[in-house]
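The values are calculated or read from the model by the stated rules, or taken from the named source; none is laboratory data. Every value quoted in this text rests on a predicted model; they were computed, and no experiment measured them. Here Cβ is always computed from backbone atoms with ideal geometry, including for glycine, and neighbour counts include all displayed protein chains. These area figures cover heavy atoms from the full protein model, side chains too; ligands, DNA and RNA do not enter into them. Shrake-Rupley method; radii C 1.70, N 1.55, O 1.52, S 1.80 Å.
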Amino acid sequence: MKTSVIGYPRIGKNRELKFASEKFFKGEISEAELLQVAAEIKKEGLLKQKQAEISFIPSNDFSFYDNVLDAAFLFNIIPARYSALGLSELETYFAMARGYQGDKGNVKALAMKKWFNTNYHYIVPEIDDDTEIKLNRNKVVDEYKEAKENGVDTKAVLVGPFTLLKLAKYTGTKSAKDFAGVLTENYSILIEKLEKKGAEWIQFDEPSLVKDLTQDDINLFKEIYSSILKKRVSIKVLLQTYFGDIRDIYSEVTALGFDGIGLDFLEGRKTLELVKSNGFPEDTVLFAGLVNGKNIWKNNYAKTIDLLKDIKSVTKNVVLGTSCSLLHVPYTLASESKLSDDYLKHFAFAEEKLEELKELSKLSDFAESGNVAAQVTFTNNQKLFHGRVDSVDEAVKERVAGIKESDYTRLPEFHEREKIQKEKLNLPLFPTTTIGSFPQTQDVRQNRQKLRKGLISKEEYTEFNKNKIAQCIKLQEEIGLDVIVHGEYERNDMVEYFGENLAGYVFTEKAWVQSYGTRCVKPPIIWGDVSRKQPITVDWSKFAKSCTDKPVKGMLTGPVTILNWSFPREDITIKESTLQIALAIRDEVLDLEANGIDIIQIDEAALREKLPLRKSDWYSQYLDWAIPAFRLVHSGVKPETQIHTHMCYSEFTDIIPAIDAMDADVITFEASRSDLQILDSLKENNFKTEVGPGVYDIHSPRVPSVDEIVNALESMRERIEDSKLWVNPDCGLKTRGETETKASLINLVDAAKIIRER
Ligand code: GLN
Ligand code: ZN
């Protein structure tokens with residue numbers, strides 16, 4: 001059986017591309033040196049795939065920053081403000097990705113958005129009425145040639161025209177359909193060039209097909225691809241989809257005459273059903289996505305072989321593939337030196353997934369061949385699925401099973417609590433606060449590092465942080481903030497910190513995954529049943545409270561965010577894992593309360609991230625358990641304890657009732673970069689929760705003026721009752737410097753005072 005890889009990681013096994021790019025940005029290495037690093041990364045990936053006998057190896061899956069940006073750049077979708085800088089080709093490309101500030105001008109980067117339901121971010125192409133779409137780069141052909149020189153005849157891969165048009169932002173009066181014709185022609189020109197070079201296959205990535213589609217979308221898609229398919233001469237066209245099923249367009253897609261169609265059988269809940277009930281065209285190759293490109297667990301061969309049998313009952317013309325690009329998993333287990341084999345043998349990163357494809361392909365032929373080696377591989381694989389060391393905790397399972405319906409509801413209801421809390425806390429109108437973290441200066445990070453390396457004792461470490469906390473509180477009192485935080489100096493990252501302090505988690509050393517551009521994340525792995533062994537934040541918060549008479553806000557990360565930024569288990573549902581984490585955080589909430597902390601913030605920065613791609617799935621597949629999981633965390637507190645939550649975005653206009661149903665007492669969110677339209681929607685929806693829409697952007701060192709904040713607050717007051725409005729920055733301050741932080745917060749407090757007087 002043949003095998004296919006949709007895309008391969010490209011940041012480098014040891015993040016070589018990241019470091020080289022950063023050096024290039026600083027002018028420390030030349031363009032030629034950067035290209036050399038890129039060439040080596042590409043070559044290594046190709047050879048690894050060749051070694052694993054992958055039949056369809058991708059080229060042009062490499063990118064210096066992002067594949068969507070690559071496609072936009074390829075077809076000259078370059079806003080004039082970037083080409084006007086007069087930079088070199090690569091520098092123009094980076095200017096679009098990261099902005100440019102230098103002797104040739106000053107332009108901001110293009111917007112960045114999350115790539116479907118992953119933690120990868122793409123650059124949003126920007127098209128205006130004058131955009132002249134034309135193929136004027138050679139990246140696709142060049143990388144095809146480059147791979148050939150490395151001895152691999154690849155399928156050329158790029159983002160397809162439909163997805164490119166759907167993801168673009170249109171700043172003029174024209175829209176996607178106005179550009180479809182010319183864009184399609186240029187994709188055809190590209191195909192012609194590839195044909196001349198002898199390319200046999202081209203893969204168009206069209207993940208936009210797994211979203212809800214309108215009739216216009218379907219027409220647009222058909223128009224584009226009927227033209228492309230008609231014009232091509234010899235190349236075979238693979239339409240590749242992933243991250244879901246294509247239920248809205250399955251019959252149209254299968255009727256168009258593609259040479260290959262790639263479907264995701266893992267995330268596509270309906271894919272198998274679609275194939276079985278509608279059939280599959282005889283002359284088309286079905287690229288079946290069965291090896292998970294998004295998670296790190298070993299493939300369960302028995303399950304996969306069963307699924308393959310099912311698929312083969314419809315068509316014999318099947319290629320075994322990854323479910324999506326391997327970009328979303330780390331490179332290799334070979335880099336992990338600390339975890340024992342008891343753990344590692346259960347994981348498969350990109351390189352190991354190549355082996356899985358190879359083994360699975362042999363196994364699927366095995367019935368006919370009766371190959372003994374294949375049988376051994378199979379048996380060994382199955383042994384892996386009979387439990388893992390240290391992963392089971394019966395007490396946790398029982399506790400989850402014992403959750404009662406009433407545990408999801410906090411009493412008394414919101415309005416009654418609101419009154420009680422106002423009396424107890426006695427805060428002024430428009431209370432001021434921050435989101436939690438204060439600048440993580442060099443010394444703070446060094447302190448943590450020294451502890452990790454064993455250079456200082458636990459006591460010395462704690463002493464240092466206590467000093468920091470005391471200073472931070474003094475600063476907040478001087479500034480005049482009403483609700484005080486401890487500053488989060490003990491945290492590297494809001495999820496990793498809790499992961500490290502919860503049983504059931506394991507950590508990798510080098511398992512980096514690209515998040516955007518040169519930024520990588522190293523998500524922790526949920527290994528087993530999760531529980532809290534001892535209090536995590538209580539000592540820090542207690543100490544903070546001892547430093548001031550003002551209310552101190554305890555600071556936690558919520559269960560949905562902890563789950564969304566980890567690699568989840570596959571042997572239990574993510575709902576079940578989330579409930580386990582929720583119970584652990586609930587224990588922490590109750591301990592904070594018992595220790596006199598009467599305001600507790602539970603951050604859900606990533607709640608929106610795993611919102612399903614289809615609206616019809618939003619509640620049934622996600623919010624229906626995610627929101628109750630959050631409520632479970634805080635339902636046990638006393639009426640006078642005030643629960644805050646924080647989110648890093650304001651794009652929740654369409655899920656406002658769900659956000660209100662989290663039943664927090666106060667919610668703060670990022671708002672300064674949005675148009676405040678969210679506030680109108682809050683009003684329309686009778687949003688009950690008190691709100692703190694961020695009054696200034698913390699992503700830049702710029703200090704907001706008092707006037708500016710007053711104006712922001714005044715327009716908020718038009719939409720939110722005075723008694724419900726809080727005053728705070730957009731997000732945590734950990735990436736900011738100390739000077740601008742202090743100046744900004746002084747202005748924030750002054751602005752609140754001015755409004756109070758009015
Ligand atoms: N409490 C966290 C902080 O202030 C919140 C971070 C976030 O929302 N991403 O850093
Ligand atoms: Zn935030």
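Could you tell me whether E588 is within 16 Å of ligand 1 (Cβ to nearest atom), under 28 Å from Y696 (Cβ atoms) and charged (D, E, K, R)? Spelling it out, it is not the case that E588 is within 16 Å of ligand 1 (Cβ to nearest atom), under 28 Å from Y696 (Cβ atoms) and charged (D, E, K, R). Can you name the condition, by its number, that I435 falls short on among (1) open to solvent by less than 60 Å² (accessible area, probe 1.4 Å); (2) within 16 Å of ligand 1 (Cβ to nearest atom); (3) in a helix (DSSP H, G or I)? That leaves (3) as the condition not met.
The set of residues from region 492-515 being within 15 Å of ligand 1 (Cβ to nearest atom) and hydroxyl-bearing (S, T, Y) comprises Y497, S515.
Against the conditions (1) within 16 Å of Y65 (Cβ to Cβ); (2) of a type outside the set (K, R); (3) free of Cβ contacts under 8 Å to residues at least 40 places away in the same chain, L110 satisfies every one except (3). Could you check region 617-652 and list, in sequence order, the residues that are closer than 15 Å to L583 by Cβ and not aliphatic (A, V, I, L, M)? Answer for region 617-652, where residues must be closer than 15 Å to L583 by Cβ and not aliphatic (A, V, I, L, M): W625, P628, F630, R631, H634, S635, G636. Of all residues in region 8-36, those satisfying the criterion of being small (G, A, S) and open to solvent by 30 Å² or more (accessible area, probe 1.4 Å) are G27, S30, A32. Quick check: anything in region 260-274 modelled with pLDDT of 95 or more, open to solvent by 10 Å² or more (accessible area, probe 1.4 Å) and over 31 Å from the mean Cα position of the chain (by Cα)? Looking through region 260-274, none of the residues is modelled with pLDDT of 95 or more, open to solvent by 10 Å² or more (accessible area, probe 1.4 Å) and over 31 Å from the mean Cα position of the chain (by Cα). Within region 715-726, the set of residues being away from ligand 1 (no atom under 16 Å from the Cβ) and in contact (Cβ under 8 Å) with a residue 60 or more places away in the chain comprises D722, S723, L725.
Picking from residues in region 474-491 that are under 33 Å from the mean Cα position of the chain (by Cα) and β-branched (V, I, T), the one that is nearest to ligand 1 (Cβ to nearest atom) is V485. When residues in region 677-691 are screened for being away from ligand 1 (no atom under 16 Å from the Cβ) and open to solvent by less than 30 Å² (accessible area, probe 1.4 Å), 7 of them pass. Tell me, please, whether a residue that is part of a helix (DSSP H, G or I) and within 16 Å of ligand 1 (Cβ to nearest atom) can be found in region 450-464. The answer is no; no qualifying residue exists.
Regarding region 278-289, can at least one residue be identified that is in contact with an Asp or Glu (Cβ under 9 Å, 6 or more places away or on another chain) and in a helix (DSSP H, G or I)? The answer is no; no qualifying residue exists.
On the stretch given as region 487-524, residues that are more than 21 Å from R10 (Cα to Cα) and either within 16 Å of ligand 2 (Cβ to nearest atom) or out of contact with any strand residue (DSSP E or B) (no Cβ under 7 Å at 6 or more places or on another chain) (or both) total 15. Each residue in region 22-66 was checked for being closer than 14 Å to V157 by Cα and of a type in the set (S, T, Y), and 2 pass.
To keep it simple, each residue is scored yes or no on (1) more than 13 Å from ligand 2 (Cβ to nearest atom); (2) open to solvent by less than 10 Å² (accessible area, probe 1.4 Å).
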{"site": "A629", "(1), (2)": "yes, yes"}
{"site": "V633", "(1), (2)": "yes, yes"}
{"site": "G636", "(1), (2)": "yes, no"}
{"site": "H646", "(1), (2)": "no, yes"}
{"site": "D660", "(1), (2)": "yes, no"}
{"site": "I667", "(1), (2)": "no, yes"}
{"site": "S672", "(1), (2)": "no, no"}
{"site": "P693", "(1), (2)": "no, yes"}
{"site": "I698", "(1), (2)": "no, yes"}
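Within region 729-750, residues that are in contact (Cβ under 8 Å) with a residue 40 or more places away in the chain and within 13 Å of ligand 1 (Cβ to nearest atom) reach partners that are open to solvent by less than 10 Å² (accessible area, probe 1.4 Å) and in a helix (DSSP H, G or I) with beta carbons closer than 6 Å, at six or more positions or on different chains, in the pairs L733/T741. Within region 591-627, the set of residues being away from ligand 2 (no atom under 16 Å from the Cβ), closer than 23 Å to E670 by Cα, open to solvent by less than 30 Å² (accessible area, probe 1.4 Å) and assigned to a loop (DSSP other than H, G, I, E, B) comprises L611, P612.
Results for (1) open to solvent by 10 Å² or more (accessible area, probe 1.4 Å); (2) in contact with a strand residue (DSSP E or B) (Cβ under 6 Å, 6 or more places away or on another chain); (3) among the hydroxyl-bearing types (S, T, Y); (4) under 19 Å from T254 (Cβ atoms), shown as yes or no for each residue.
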site	(1), (2), (3), (4)
L286	no, yes, no, yes
K294	yes, no, no, no
Y301	no, no, yes, no
I311	no, yes, no, yes
V318	yes, yes, no, yes
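Quickly run through region 652-676 and pick out the residues that are more than 16 Å from ligand 1 (Cβ to nearest atom), over 23 Å from the mean Cα position of the chain (by Cα) and at pLDDT 95 or above. Before you say what the answer is, go through the steps one by one.
Taking region 652-676 first, the residues more than 16 Å from ligand 1 (Cβ to nearest atom) are 653-658, 660-661, 663, 665, 675-676.
Subset that is over 23 Å from the mean Cα position of the chain (by Cα): 657, 660-661, 663, 665, 675-676.
Correct list: P657, D660, A661, D663, D665.
Got at least one residue in region 68-75 being open to solvent by 10 Å² or more (accessible area, probe 1.4 Å) and closer than 22 Å to L35 by Cα?
yes
Which number in (1) more than 27 Å from the chain's Cα centre (by Cα); (2) touching a residue at least 12 places away in the same chain (Cβ under 8 Å); (3) open to solvent by 10 Å² or more (accessible area, probe 1.4 Å); (4) within 30 Å of K270 (Cα to Cα) marks the one condition that A176 misses? If we test A176 against (1) more than 27 Å from the chain's Cα centre (by Cα); (2) touching a residue at least 12 places away in the same chain (Cβ under 8 Å); (3) open to solvent by 10 Å² or more (accessible area, probe 1.4 Å); (4) within 30 Å of K270 (Cα to Cα), just (1) comes out false. Here L623 meets the list (1) away from ligand 1 (no atom under 16 Å from the Cβ); (2) modelled with pLDDT under 95 almost entirely, failing just condition (2). Within the bounds of region 403-410, is there any residue that is open to solvent by less than 50 Å² (accessible area, probe 1.4 Å), at pLDDT 95 or above, in contact with a strand residue (DSSP E or B) (Cβ under 6 Å, 6 or more places away or on another chain) and closer than 14 Å to L583 by Cα? For region 403-410, residues open to solvent by less than 50 Å² (accessible area, probe 1.4 Å), at pLDDT 95 or above, in contact with a strand residue (DSSP E or B) (Cβ under 6 Å, 6 or more places away or on another chain) and closer than 14 Å to L583 by Cα: absent. Note on region 600-614: among residues that are in contact with a His (Cβ under 8 Å, 6 or more places away or on another chain) and at pLDDT 95 or above, the one that is farthest from ligand 1 (Cβ to nearest atom) is I600. Counting only helices (runs of 4 or more DSSP H) that sit completely within region 292-398, those holding 2 or more residues that are hydroxyl-bearing (S, T, Y) and either at pLDDT below 95 or under 24 Å from T118 (Cβ atoms) (or both) correspond to 350-369, 372-383.
Does I29 qualify as being in contact (Cβ under 8 Å) with a residue 40 or more places away in the chain and either closer than 13 Å to A147 by Cα or of a type outside the set (K, R) (or both)? It is false that I29 is in contact (Cβ under 8 Å) with a residue 40 or more places away in the chain and either closer than 13 Å to A147 by Cα or of a type outside the set (K, R) (or both). Of the numbered conditions (1) hydrophobic (A, V, I, L, M, F, W, C); (2) at positive phi; (3) open to solvent by 50 Å² or more (accessible area, probe 1.4 Å), F385 fails exactly one; give the number of that condition. Result: F385 fails condition (2) only.
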